[in-house]
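**Student:** Okay, handing you the structure first.
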Amino acid sequence: MALNTPESEPEPDPAHHTPAPGRHHEFAIEPKRSIGYRMLRGTFNGLMGVWFRPKVVGREHVPATGPVILAPVHRSFADFGFTSFCTRRKLFFMTKDSMWKNSYLGKLLLYVGAFPVHRESADREALQRAEEVLKRGQVLVLFPEGTRREGPTIENLMEGATYLSARTGAPIVPIGIGASDLAMPKGRAIPKLYTIQVVIGPAIAAPARTGGGRVSRSAVHVATADLVTQLQAAYDEAKAKTGRY
């Protein structure tokens, strides 16, 4: 998921806004890959590997240490799972808050490093959690398109990724995912058997901050335009490798 930056949308009126699911849970940033975490991720990767047989190129572009934002294209519900094949590092996710309507699923998501984001507003709590993840030197997965989209073109990205990059100095790594829209398009519950191609593009350096340490809106706009270009290139390459478009 992605989010609007605080400057891009007004804060909702508390009198007309019901707190979104997941707000009452504590989100702890635990960098260690616990035994439980490794078992769950290993099982998940095993199932994803058998079903989709993902082929990944460009893993060297993901920094081995330090903060980084993984920014995948978003054409399928399954896309978040393919980021787990991009690095062995622990991942932290923004996930749509409706997933927390089931309390057991919500607890599991928190355990594996996910936290809720309310997509229809400037979610300051999610933004703060995301920033803290990066300030702790961790890996944040954030879909810059915000929600699943259709079609071959990357456009109209939200600026949450580049805003966080500017605030924390974290580079952004664009990730193209080919054939996920064919294997599991929007509205399909059971995916088809397709080999998924994942292309990890070169990291994009964080936008420069002003002399006063503030995040320049113009710098964020420029960085977002660069992300559009680089994400499009990664997506085009991933699709070409599938041979199905």
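**Student:** What number of residues within region 218-234 satisfy the criterion of being in contact with a strand residue (DSSP E or B) (Cβ under 7 Å, 6 or more places away or on another chain) and free of Cβ contacts under 8 Å to residues at least 60 places away in the same chain?
**Tutor:** Total satisfying the criteria: 2.
**Student:** Now for a separate question. If you check G176 against the conditions, is it of a type outside the set (A, V, I, L, M), in contact (Cβ under 8 Å) with a residue 60 or more places away in the chain and within 19 Å of A64 (Cβ to Cβ)?
**Tutor:** Considered against the rule, which asks whether it is of a type outside the set (A, V, I, L, M), in contact (Cβ under 8 Å) with a residue 60 or more places away in the chain and within 19 Å of A64 (Cβ to Cβ), G176 comes out as no.
**Student:** Moving on to the next point. Kindly check whether there is at least one residue in region 12-19 that is more than 23 Å from I204 (Cβ to Cβ) and either touching a strand residue (DSSP E or B) at 6+ places or on another chain (Cβ under 8 Å) or at pLDDT 90 or above (or both).
**Tutor:** Within region 12-19, none of the residues are more than 23 Å from I204 (Cβ to Cβ) and either touching a strand residue (DSSP E or B) at 6+ places or on another chain (Cβ under 8 Å) or at pLDDT 90 or above (or both).
**Student:** Same structure, new question: Would you check which residues across region 118-145 are within 22 Å of T224 (Cβ to Cβ), among the basic types (K, R) and modelled with pLDDT of 95 or more and list them?
**Tutor:** Matches in region 118-145: K135 only.
**Student:** Is it true that some residue in region 200-207 is closer than 19 Å to R75 by Cα, modelled with pLDDT under 90, of a type outside the set (D, E) and within 18 Å of the chain's Cα centre (by Cα)?
**Tutor:** no
**Student:** Hey, another quick one. Modelled with pLDDT under 85, at negative phi, surrounded by fewer than 24 Cβ atoms within 10 Å (Cβ to Cβ) and within 17 Å of the chain's Cα centre (by Cα), is that true of M99?
**Tutor:** yes
**Student:** Are any residues in region 71-105 within 19 Å of A126 (Cβ to Cβ) and aromatic (F, W, Y), and if so, which ones?
**Tutor:** Within region 71-105, F80, F92, F93, W100 meet the criteria.
**Student:** I would also like to ask the following. A183 versus (1) over 14 Å from the mean Cα position of the chain (by Cα); (2) under 14 Å from V73 (Cα atoms): which is the lone unmet condition?
**Tutor:** For A183, the failing item is (2).
**Student:** Kindly provide the set of residues from region 159-188 that are part of a strand (DSSP E or B) and small (G, A, S), ordered by number.
**Tutor:** The answer is G176, G178.
**Student:** Return the only residue of F115, F92 being crowded, with 16+ Cβ neighbours inside 10 Å, at pLDDT 85 or above, part of a strand (DSSP E or B) and in contact with a Phe, Trp or Tyr (Cβ under 6 Å, 6 or more places away or on another chain).
**Tutor:** After ruling out the rest, the residue left standing is F115.
**Student:** Working carefully through the options T210, T168, T195, find the one that is touching a residue at least 60 places away in the same chain (Cβ under 8 Å) and either at positive phi or more than 20 Å from the chain's Cα centre (by Cα) (or both).
**Tutor:** Result of the check over T210, T168, T195: T195.
**Student:** How about region 64-77: which of its residues are part of a loop (DSSP other than H, G, I, E, B) and either touching an Asp or Glu at 6+ places or on another chain (Cβ under 9 Å) or surrounded by 20 or more Cβ atoms within 10 Å (Cβ to Cβ) (or both)?
**Tutor:** P67, V73, H74, R75, S76
**Student:** Residue check: is S98 out of contact with any Gly (no Cβ under 8 Å at 6 or more places or on another chain), farther than 24 Å from E131 by Cβ and among the polar types (S, T, N, Q)?
**Tutor:** Spelling it out, it is not the case that S98 is out of contact with any Gly (no Cβ under 8 Å at 6 or more places or on another chain), farther than 24 Å from E131 by Cβ and among the polar types (S, T, N, Q).
**Student:** G81: surrounded by fewer than 16 Cβ atoms within 10 Å (Cβ to Cβ) and either under 16 Å from the mean Cα position of the chain (by Cα) or within 24 Å of E131 (Cα to Cα) (or both), yes or no?
**Tutor:** no
**Student:** Anything in region 143-180 that is crowded, with 21+ Cβ neighbours inside 10 Å, farther than 18 Å from F93 by Cβ and among the small types (G, A, S)? List them, or say none.
**Tutor:** A166, G176, G178, A179, listed by residue number.
The values are calculated or read from the model by the stated rules, or taken from the named source; none is laboratory data. Here the structure is a predicted model, which is why all the values come from computation and not from measurement. Positions of Cβ are backbone-derived with ideal geometry, glycine not excepted, and every protein chain shown enters the neighbour counts.
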